[in-house]
Amino acid sequence: MSDTVFHKIMRGDLPADILYQDDLVVAFRDISPAAPSHVLIVPRKDLPSVSDVTEDDRMLVGHMVLVARNLATSLEIEGEGYRLVFNCGENGGQVVPQLHLHLLGGRKMSWPPG
Ligand code: DGP
């Protein structure tokens, strides 16, 4: 079993500002926020990255997106817009090898990303 910082947070061994959790995911604020609202939605299932997602994970990944959308509503950033990001692998800027969806909002973001 993997043991990343996110696994430690999900086990309760590391503190985090948890905004939502259910049987499938845990969502908590990013420790170094890149926007006024920056939340990570992490599946409880061991999945290092998007590259490891299979057909069996369709529902899980859809659930992650819906949880992010619902958090955008509760954080009151939905009206002005927000960004959802999966970083994947080294070139994608992924640092923590457990699948996670970034929810970013509360400021205007540029495109393309750097
Ligand atoms: P990524 O580059 O996509 O792997 O993003 C990993 C994010 O995880 C990064 O924005 C910082 C965040 N992060 C790393 N360690 C911790 C931690 O211990 N607690 C919390 N809340 N976030 C963390």
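Using only the Cα atoms, what convex hull volume per residue in Å³ does the chain have? Numbers along the way, then the final one.
Numbers: hull volume 12.6 nm³, N = 114.
Expressed per residue, the convex hull around the Cα atoms of the chain is 111 Å³.
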query = Can you list the residues of the stretch 98-114 with backbone N under 11 Å from a point 7 Å past the Cα of Val50, pointing along Cα to Cβ?
reply = 100-102
ask   = Can you give the alpha-carbon Rg of the stretch 53-114 over 2.2 N^0.38 Å, where N counts its residues?
value = 1.23
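Based on the Cα gyration tensor of the stretch 21-83, what are the three equivalent ellipsoid semi-axes, each the root of five times an eigenvalue, rounded to whole Å and given largest first? Write down the numbers at each step before the final one.
Working: eigenvalues 98, 34, 23 Å².
Semi-axes from the Cα gyration tensor: 22, 13, 11 Å.
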ask   = Say R0 is 25 Å: what FRET efficiency, to the nearest 0.05, do Val61 and Asn91 get from their beta-carbon distance?
value = 0.75
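Given contacts defined as C-alpha pairs under 8 Å and at least six residues apart, what's the relative contact order of the chain, whole-number percent?
Details: 156 pairs, mean separation 33.6, N = 114.
RCO, the chain: 29 percent.
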task = Using the Karplus curve 6.51 cos²θ - 1.76 cosθ + 1.60 with θ = phi - 60°, work out ³J(HN,Hα) for each residue of the stretch 66-72 in order, rounded to whole Hz, and write x for Gly and Pro.
result = 5, 4, 4, 4, 5, 5, 4
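Using Cβ contacts closer than 10 Å as the measure, can you line up Asp23, Asp46 from fewest to most? Mind showing how you got there, number by number?
Working: Asp23 6, Asp46 13.
Ranked by crowding around the Cβ, least crowded first: Asp23, Asp46.
Which longest run of the chain has no exposed loop site in it, a site being GluC sites (Glu not before Pro) in a DSSP loop with at most 12 other beta carbons within 10 Å, and the site itself not part of the run? Please report the intermediate quantities before stating the final value.
Working: sites that count: Glu76, Glu80.
After excluding every exposed loop site, the longest remaining stretch is 1-75.
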remark   = Length gained, Ala34-Ile18, 0.36 nm per residue minus C-alpha separation, equals 4.0 nm
ask   = Check Val26: other-chain or 5+ apart residues with amide H under 5 Å from its amide H, H built from backbone geometry?
value = Val42, Arg44
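At a Förster radius of 22 Å, what calculated FRET efficiency corresponds to the Cβ-Cβ distance of Ser2 and Glu78, to the nearest 0.05?
Values: r = 32 Å, r/R0 = 1.45.
The formula returns an efficiency of 0.10 here.
Rule-based calculations on the coordinates, nothing more; no lab input. What you see is a predicted model, and the numbers here were worked out from it, not measured in a lab. Here Cβ is always computed from backbone atoms with ideal geometry, including for glycine, and neighbour counts include all displayed protein chains.
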